[in-house]
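Structure record follows, encoded as structure tokens.
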Amino acid sequence: MPFVAPDHWQTPLVWVYGTLRQGERNHPLLASRAEYRGSYSCPGQLYAIEDPEYAYPAAVLAAEGGVIWGELFYLPEGVRAQVYGDLDSLEEIALDLFQVVTVPSLAAVAYVAGPNLWPQLQAASRVVRQIPDGDWPRYRRQPPYPEP
């Protein structure tokens, strides 16, 4: 089971499952500053959140109940704090919409659904769909989601 990682900026590995993956719209935040280490899965459930501007994913890591596919990246020490600062901003960590947790099986951290995400989505009447196969790019390529 993952646990909240308050000192995540010291962790050299980050696991991403959605818009930060290669070929996705937010991957430029990692592209020139991180080293791809491979595709890895983690147990849990992946959800698609349909925002009026675009859809985005949210993960709930769990010991059982499905699989989430993602990519592992190494963040060199010289850029690690800057990259994590950019990712914290993107994922709205300060608002607890997403939170950073450790993924012990990968010795990495990941940004997953935070405690304020679900109430905010409910208040905004957002449509949330589970992604059964846990693969965000595959889900997004299905109509009506356009390529980046």
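What is the distance, in nm, between label points placed 7 Å from the Cα along the Cα-to-Cβ direction at residue 50 and at residue 96?
Result for the modelled spin labels: 2.9 nm.
Taking chymotrypsin sites (Phe, Trp or Tyr not before Pro) as exposed when DSSP calls them loop (any state but H, G, I, E, B) and at most 16 other Cβ atoms lie within 10 Å, what is the longest stretch of the chain free of them, the sites themselves excluded?
No qualifying site falls inside 55-148, the longest such stretch.
Given the chain, what whole percent of its Cα pairs are spread farther than 18 Å?
54
Find, to one decimal place in angstroms, the Kirkwood hydrodynamic radius of region 36-95, where the mean of 1/r is taken over every pair of different Cα atoms and then inverted. Mind showing how you got there, number by number?
Working: mean 1/r = 0.0734 Å⁻¹.
Taking the inverse mean of 1/r over all distinct Cα pairs, region 36-95 comes out at 13.6 Å.
Once the Cα atoms of helix 77-90 and of the chain are each reduced to a long axis, what angle between those two axes, in degrees from 0 to 90 to the nearest 10, is obtained?
20
Using the Cβ atoms and a cut-off under 13 Å, what net charge is assigned to the surroundings of residue 106, where Lys and Arg are +1 and Asp and Glu are -1?
Counting the neighbours of residue 106, the net charge comes to 0.
Roughly how many debye, to the nearest 20, is the charge dipole of the chain about its Cα centre, given +1 on each Lys and Arg Cβ, -1 on each Asp and Glu Cβ, and no other charges?
For this selection, approximately 280 debye.
Can I get the semi-axes of region 1-82's equivalent ellipsoid? Compute them from the C-alpha gyration tensor as square roots of 5 times the eigenvalues, in angstrom, largest first.
The answer is 21, 17, 12 Å, longest axis first.
What's the longest bit of the chain with no exposed GluC sites (Glu not before Pro), using DSSP loop states and at most 14 other Cβ atoms within 10 Å as the test? Can you show the working numbers first?
Details: sites that count: 53, 64.
Looking at the chain, 65-148 is the longest stretch - no exposed GluC sites (Glu not before Pro) with at most 14 other Cβ atoms within 10 Å.
Counting only other residues whose beta carbon sits under 9 Å from that of residue 71, what net charge do I get with K and R as +1, D and E as -1?
Net of charged neighbours comes to +2.
Which distance in nm do the two modelled labels at residue 7 and residue 86 give, with both placed 7 Å along the Cα-to-Cβ direction?
2.5
Take the Cα of residue 107, step 7 Å along the line toward its Cβ, and report every residue of region 59-80 whose backbone nitrogen sits under 17 Å from that point.
Under 17 Å, as judged by backbone N against the label point of residue 107, lie 72-77 of region 59-80.
A short reminder: the numbers here are calculations on the coordinates, not readings from a lab. Since the model is a prediction, treat every value here as computed from it, not as a measurement. Counting neighbours? That spans all protein chains shown, and the Cβs are built from the backbone with ideal geometry, glycine included.
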